[in-house]
Every structure is written in C-alpha cells, then in structure tokens.
Amino acid sequence: MIIKDYIQDVNLGNIDVVDTIKNVLKDVKRINKEYNYFNVISEELALELAKKVKKGKLAGLPISIKDCVCVKDVESTAGSEILKGYKPVFNANVVQRIIDEGGIIIGKTSQDEFGFGSFSVNTKNVPLNPFDKTKSCGGSSGGAAGITQKIDLHLAIAESTGGSIVAPAAFCGVIGFCPTYGQVSRYGLIDYANSLDKIGVMGKDIEDVELLFNVIKGDDVHESTTDSKDFESGPLKIGIIKGWKVDSKIEKLFWDKIEELKQQGIKVEEVELPLNEKYALSTYYLIAMAESSTNLAKYCGLRYGQQEKLEDNFNEYFTKIRSKYFSKESKRRIMIGTFARMAGYRDAYYLKALKVRKMLIEEYKKAFKKYPVLACPTMPILPPKFSEIKKLTPLENYMMDQLTVGPNLAGLPHISLPLDKYTGIMFIANHFNENKLFEISKKW
Amino acid sequence: MRLDKKLLKQVADNARLKLTEKEMDEFLKELSEVLTAFSKLDEVDTKNIKPAFHPIELKNKLREDNVKKCLTQNQALSNSKNNHRGYFKGPRII
C-alpha cells in the first residue's frame, strides 16, 4: 500500500514531491554506482516533472523506463553502442501516458542490447543481481527488475519479446507482468521483433502493477496493432503445464505454492501441451531473429546514433558502421535471421516457423477452453553466476527461455510472481484475459 | 543444415556486415549448431496451415487523413551529424 497511499497524499497536496524525488534520485544514484541498473538517470527531467507535478493516477510516483522505450530528450540506446548519443524527439506512447497521469520519469534502465539475451550480459552496462553481485539479474529487462527490488517507492516499465519481463522478475524476486500483444502501444519502442514485442510492468505489489497497466494500456492512433476487448469471466481453474524440467529447489517451491492455492479452493489439474513443449523454442527464435534482422537494417550511421565521416560508397559506409558498433550477439542474430529469410531458405525456416506458430497458438486456445489459467515455473534455473554464463554456448543460452517463449510467441498475457528471492511461478491466460492473472495474483 | 564459409559470407554481405576471420570461424560452428536444432520443425506437418504473421488476427485500423503537427525539420535532423542545408547527407551512391 506504500505506493497507493503516497499517490493519494500527493493528490491531496500533503507531500513535497520535489523533496521526495530528490531523495529517490539520491538513492538511485547510490544504488546505480554499485549495481548498474540505469544507463541514464534523468535527473533534470525528473525534477522538472516533480516541480510541476500534476494530479493523477500516478501523481508524483517515480517510474523507470527500460532503455528501449523512447523518452524525449533523454539518451535512449536500447543498450546498444550503435545508438550511442541518440536522443528521441518524442515520447513513446506509454511514457506520455505516464507523464499525463503525474508520473515522474527517473531514468532509462539497463538491458541486453535490443533485448537480445536472457541474462542482461549482452551490453556494456551489466546489471548485477540485487541479492548477490556475482549473479545475473536475468534479462533482458535486468536493470528494471534490479531497481524494482531495491526501491519501494517506484514502478518500472519493462518490455518482453520472448520472456524479458518475467525472467528478470523471477531472478530478482519481484512481480513481472506482460500483457496481451497489442494491449499496450508500441509507439516509441525501439523494436526487437514486431510481432512479438510487448511493453509491460514490474512492481512489488500486484495492485500497483495493475494500476500502472491501466494507465499505459489502450488504443493509440500511431499504432495499428493496439486492440482491446472485453474480458471473459468464469471460475478460476489452473492447468499445470506438464513436461518441464527445472532445478529441484524451484520444483519444490512451485508445488508447495500450488498446494496452497488448492487449499484456497482453486481447482488444479495437469495439462499437456506437446507441440509447445517440443517446438516453441525453435519457432520463437526463428521468427524473432528473422524480424530482428529486418529491424536492425535501419542502423547504418545515417540519421541517428553512431555516425562517422562520410567516406567510401554507401555499402562500404553502412557495413563499416554496422560491423564496428553491433555487438557479437546482435551480429549472430542478424546472421541467423537474414539466412532464414534468404531466397531458397525462407520457406524452410521463416514460413515454416510461422505455420508452426499457428499450431502452437491453437494448442493454447484448446487448453484455455478447460483451464482459464495455465501455470509453470518461470525459469528452469536459479540466477547463474556471471562466470557460469560465460561458459554457455549460444544455443544453451537460448534454451534458458524454454518456459517463457510459448506465451510470448502466442501473444498471451503472463505474469511471474515470486516464489522466493531468486525464482518465480508463471501464470498464463488467454488473449485479453489479464483480469484472470490479477485475480489469481491477489490470492498470493 | 550444412553451412559453409561461402554461404556465411553471402549472408554477411546481404546483412551489410563484415566479419573477421575469427568471427567467421566462430559463427560457422555456432550457427550450424543453432540451425540444426531449429530444423526440428521439419518434423511438423504444416500442410494446409496458414502462417501466423501476428499472434492475434488483426483488422486494419485506419484514421482520418487530416493534416496534423509533425516533427519540424530541425527536430528530424537533430540526431544527425552529417547534414547539409536542411537535408540528411549520406555516403556516395556511385
């Protein structure tokens, strides 16, 4: 209730918001020196917003924004060197909605470059786990999860393509919520993969997460994919997805929690999703990489980000900039994505993946007819040490997303709730059924 | 999936990337492994299945074609280092 009470007090004029924001910024700077949760702390903007604080649903509340979401006049790089220096000339739709409701933007949180990763290590500014600095925060919204754990008077805007909200939320012991694809406008998001990107929320209290979601969701004239529909209603019944293999500690915590929910009278059964179990990972990565390779084509040192003296012809110039400033993981994904879309291979890889995706969505839809909510652990492992991550091959890295890619591929709303400080349980609902996730989360 | 250096070079050229010899060697091994794993999708019978370009079936959403405020020329150029008389300046084409 810290946040709701605070907002109420700000709206009543009982709080000196400038003073509060100064203290929050002081804490954020101190924490950031040790943990690298921010690429930019937007002190000037935060104080400017605090001085003329508006009444509203988020009055005076400090909110961090994942670096891939544009904030006007604040450097926004999506964690990439190639966008160094880029200052957007407009606010993303979600940022404008937050400001219009009195929210205070405190900075841009660190992340894997363009969201390419599960551990937030594919970037220069690597966030460290709030409970153990030798371990990962998870990714790609690692900075958002870390600062959410460290500061109570704060909510975070995060973004997910294949699990980038729930994975770091689980590793940092906070709530990570990802809505249905299209519920929140992507206008102003530095895209990773257009048919997969979703902007969501992190917080410590489910009511606060719901509050921020209600502010950022809704139609946007700048976005052709925003959509909203009425929620379905009906009794809660959980289908536990079968077939996962996770760390034994996570397994025990998961089943203990399910037992608690059963004792509250919620019906629980197991459900098989064999196609998702076998094919979601490959399908997800092929689509994500194909889309990201086209999205990243625009970074060529011409209109924003890294630029150099104009020498050579255009192909040589573009190649020089891209080869110099993209990280290895970006190059790897561009290579796989470009290959999957090339003549002669497109049908076998990219189109095949899109067809399998259709089948995976239908498998989920069938399950939702019986179970309004599905559940499984969020991550198969506890946060690894950075020294362990270095030993993983790219394929082993991608396999860490095995539990989170399914709902992301299908654009389904999902949420991770903490089971302890290092792991979480994930609930998944049908399209536009976010209310089911909030309902079950409130029984926590 | 058999990936060789010639094909890898072709992909890199298409993507406007110049890979070092070291990167070529690493990517050849890694990408072969990844693509072999992804080829698992070959097992799935997708005959008569339509591709899902989006997770949700979307309808076209159109807006009124009205004149509205947009970015000024200065705003549009504000992140560009190479510009000339209000235009973006690019590398030579020929």
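Here, each number is a calculation from the coordinates, and none is a lab measurement. Model, not experiment: these values are computed from the prediction. We place every Cβ from the backbone using ideal geometry, glycine too, and count neighbours over all the protein chains shown.
Quick look at the values:
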{"read-out": "Orientation-averaged projected area, Cα convex hull of the stretch A:111-255 (nm²)", "value": "10.4"}
{"read-out": "Normalised contact order of the stretch A:294-389, rounded percent, pairs of Cα under 8 Å and 6 or more residues apart", "value": "15"}
{"read-out": "Scattering curve values for the stretch B:11-94, log₁₀ I(q)/I(0), Debye with Cα scatterers, q = 0.27 Å⁻¹", "value": "-1.28"}
{"read-out": "Dipole magnitude of chain B about its Cα centre (Cβ charges: Lys, Arg +1; Asp, Glu -1), debye to nearest 20", "value": "800"}
{"read-out": "Between the stretch A:389-444 and the stretch A:13-76, the alpha-carbon center distance in angstrom", "value": "28"}
{"read-out": "In degrees, nearest ten, helix B:21-38 long axis to first principal axis of chain B (Cα)", "value": "70"}
{"read-out": "Inter-part distance where the stretch A:324-350 and the stretch A:239-307 are each reduced to a Cα centre, Å", "value": "22"}
{"read-out": "Projected-area mean, chain A, by convex hull of Cα positions, square nanometres", "value": "20.9"}
{"read-out": "Per-residue Cβ neighbour rank within 10 angstrom, fewest leading, A:216, A:41, A:428", "value": "A:41, A:216, A:428"}
{"read-out": "Relative contact order %, chain A, counting alpha carbon pairs below 8 Å whose residues are six or more apart", "value": "18"}
{"read-out": "The stretch A:114-161: C-alpha gyration tensor shape, a/c 1.5 cut-off, then a/b vs b/c", "value": "oblate"}
{"read-out": "Cβ-based exposure ranking for A:294, A:148, in which fewest neighbours within 10 Å come first", "value": "A:294, A:148"}
{"read-out": "Debye, to nearest 20: dipole size of the protein assembly as shown, +1 on Lys, Arg Cβ, -1 on Asp, Glu Cβ", "value": "1200"}
{"read-out": "Percent RCO, i.e. relative contact order, over the stretch A:215-358, from Cα pairs under 8 Å lying at least 6 residues apart", "value": "24"}
{"read-out": "The stretch A:69-150: translational diffusion in µm²/s, Stokes-Einstein, Kirkwood Rh over Cα pairs, 37 °C, 0.692 mPa s", "value": "247"}
{"read-out": "Cα-derived Rg to Rh of the stretch A:219-344, Kirkwood definition", "value": "1.18"}
{"read-out": "Candidates per trypsin sites (Lys or Arg not before Pro) in the stretch A:45-102, loop by DSSP, up to 15 other Cβ within 10 Å", "value": "A:52, A:54, A:55, A:84"}
{"read-out": "Inter-part distance where the stretch B:1-27 and the stretch B:37-94 are each reduced to a Cα centre, Å", "value": "26"}
